[in-house]
1. Which residue out of A236, A246, A325 is over 26 Å from the mean Cα position of the chain (by Cα), on the phi < 0 side of the Ramachandran plot, assigned to a helix (DSSP H, G or I) and modelled with pLDDT of 95 or more?
2. Can you name every one of the helices (runs of 4 or more DSSP H) wholly within segment 350-424 that holds 1 or more residues which are open to solvent by 50 Å² or more (accessible area, probe 1.4 Å) and within 21 Å of L506 (Cα to Cα)?
3. Scan segment 123-149 residue by residue and report those that are open to solvent by 20 Å² or more (accessible area, probe 1.4 Å) and closer than 23 Å to L495 by Cβ.
4. Residues that are modelled with pLDDT under 95, more than 30 Å from E553 (Cα to Cα) and of a type in the set (V, I, T): does segment 298-320 have at least one?
5. Mind counting the residues in segment 328-345 that are closer than 21 Å to A590 by Cα and open to solvent by 10 Å² or more (accessible area, probe 1.4 Å)?
6. Where residues in segment 201-213 are open to solvent by 10 Å² or more (accessible area, probe 1.4 Å) and at pLDDT 95 or above, which of them is farthest from the chain's Cα centre (by Cα)?
7. Write out, first by first residue and then by second, each pair whose Cβ atoms fall under 6 Å of each other, whose residues are 6+ apart or on separate chains, and whose first residue, in segment 404-420, is of a type outside the set (D, E, K, R) while the second is open to solvent by 30 Å² or more (accessible area, probe 1.4 Å).
Amino acid sequence: MCGIVGFTSTAPHDPAGAKQTVQAMADLIRHRGPDGDGCFADTRAALGHRRLSIIDVNGGGQPMFNEDGSLVVVFNGEIYNYKALRAELQARGHTFATDSDTEVLLHGYEAWGDALPKHLRGMFAFALWDRAAGTLFCARDLFGIKPLYYYNKGGTLLFASEIKAFLAHPAFEKRLNEARLPDWLSMEYLPDAETMFAGVYELPPAHTLTWHNGRMTLHCYAAPRFRVRQGRSLRAWAEKIGDTLAESAAAHRIADVEVGCFLSGGVDSSLIAYETARNQPDVRCFSVGYAEETYSELPAARAAAKALGVPMTETTVTAADFFAANRAIQWYLDEPMPNPAEVPLYFLCKTARERVKVVLSGEGADELFGGYPLYQQAVWAARWQMVPRGVRRALAALLPGCGFLRRGALPRWQRCARADYVFETPQERDRYLKRDYKAPTPARRCKPYFDAVRGLDEPTAAQWVDLQTWLPRDILRKADRMSMAHSLELRVPFLDRRVLGVALGLPRRYRCTGRRGKIALRAAAARRLPPELAARPKRGFPVPLADWLRQDEYYARVKAKFTGPVAERFFDTQALCALLDAHRTGKTNAMTKIWAFYCFIEWYEVYFVEDSPPKL
């Protein structure tokens, strides 16, 4: 696990100066790799690397070259099948100088060219400079576990694991992508490749980027599709899921350092901890919660740790901790993110890093196996579509306050609950904005994803759209940034090519019904875990933030932001304060809206007002 940076240009540059620039870029993401660094520059390209040593700790430094120095690579991630690939490449005559997974990329590119990513099982983002051809080749893993951003302007292409690295390059023009502010306020992220920095794009999951003579080409190398396999019983599916996950967990334990687990007490993390403990009985587990026990995961995590017989380290987050850390968190995230779950995750990673260098976590299980209530709601929505359209529209008009009826009268792409996650409608959102952005509706932004899977049933389509949007741009982004903020490698065994292959064949009735989720995964858990763990209902990530915002200290802190210069620039401050007051008096629960505005303001201050990063 590391951080990568670099650039290339159509105009030749001085290698010494380019090396200084790429070193400065790498220094801005030092937290991703405090164990070592390295740079390369010639007259056309420069690559930089920050290393967190996990495999081949004493070797494996980067940038890494092939035998004749014609190829140079920088790599962030882990390749779990690197030993098998190494043996295959050696059989074809390739000679290896290290025991690291990085070297597989060099020889793999020599053997397979731009088809290399199809051979890789793992989480990765890498950039490979072909000096002879003058070609830069970049790739990102199937799920988007590891990040990669690029900025292409005036014949210069910048790339990095984190956007903040671009701040050190003289060609980078830092500007807010203000036109997308309405979308961000509605969804808490942008559902496409754009970012909140103008001109900066995120390389999508399962994509490659090739740059040659100033021409940039993006290519999708894999497009997973649900292809249901019939004729298998629930018991058979449970066995298949369990065996595949066990093999994935074993592959994800490959490391030359100690590996731990996150444990919330839910079925996903409990399964990962169980599989890890089978081969590593004293595996260290970590959990986080709040002093307010109503909102805390710690009681469930303690029960899970006891049932599994594993040691657990607890972290407790206070209101003071929560608010004090948010500024640094927004810096690490690169883009504003108001998901309250990122804050306890930040502290959980901090505690874990004091004891281990790698953790396994349960992200991805809900998206693959149908765990979110959103998918259960989609089952009911699909049934509702059987009612004549005129009747649905009439009932929606008769009861306009009923969200289910209102959405049920709309086309599928307009029923996307994540599109209007923060505000009920775009019109409600726009009352807080200072200007009319004339933006498309958030649902319109999501329409291309739903159009791509028109043939799927509604719950399955919602899962597929989540795999393209919500998973990489919310779940995995905060997992990567909060872990890397503390130089901790976070691995996700559910997000594995082989596990995905099983999930894509699972019939919908074994994923979710109108009342139950993760049916087959829970059946798999029941074959391995104690009954109380396998049957534990999904709890989400509760947080006491709504209560804290009603306390004088935190109300005053937020109100100061809501009446400050950044709020004055973008928002109707009277409307913001009225929203905050209504929440304080209990007239409404506006926690999600308030925190979205607050996080945007803090993020904007960090990146566009202050001259230096926050004290971390």
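1. Answer to the check: A236.
2. 373-384
3. Selection gives L142 alone.
4. No - not one qualifying residue is present in segment 298-320.
5. Qualifying residue count for the region: 4.
6. H212
7. L405/L395; L405/L399; G408/W384; A409/R393; W413/K447; A417/L374
For every residue, the table says whether it meets (1) closer than 21 Å to K518 by Cβ; (2) acidic (D, E); (3) buried (at least 22 other Cβ atoms within 10 Å of the Cβ).
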site: G199; (1), (2), (3): no, no, no
site: T217; (1), (2), (3): no, no, no
site: Y221; (1), (2), (3): no, no, no
site: R229; (1), (2), (3): yes, no, no
site: T244; (1), (2), (3): yes, no, no
site: A250; (1), (2), (3): no, no, no
site: E292; (1), (2), (3): no, yes, no
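The values are calculated or read from the model by the stated rules, or taken from the named source; none is laboratory data. Model, not experiment: these values are computed from the prediction. So basically every Cβ, Gly included, is an ideal-geometry build from the backbone, and we count neighbours across all protein chains shown. These accessible areas exclude ligands, DNA and RNA; they are computed on the full protein's heavy atoms, side chains included. Shrake-Rupley method; radii C 1.70, N 1.55, O 1.52, S 1.80 Å.
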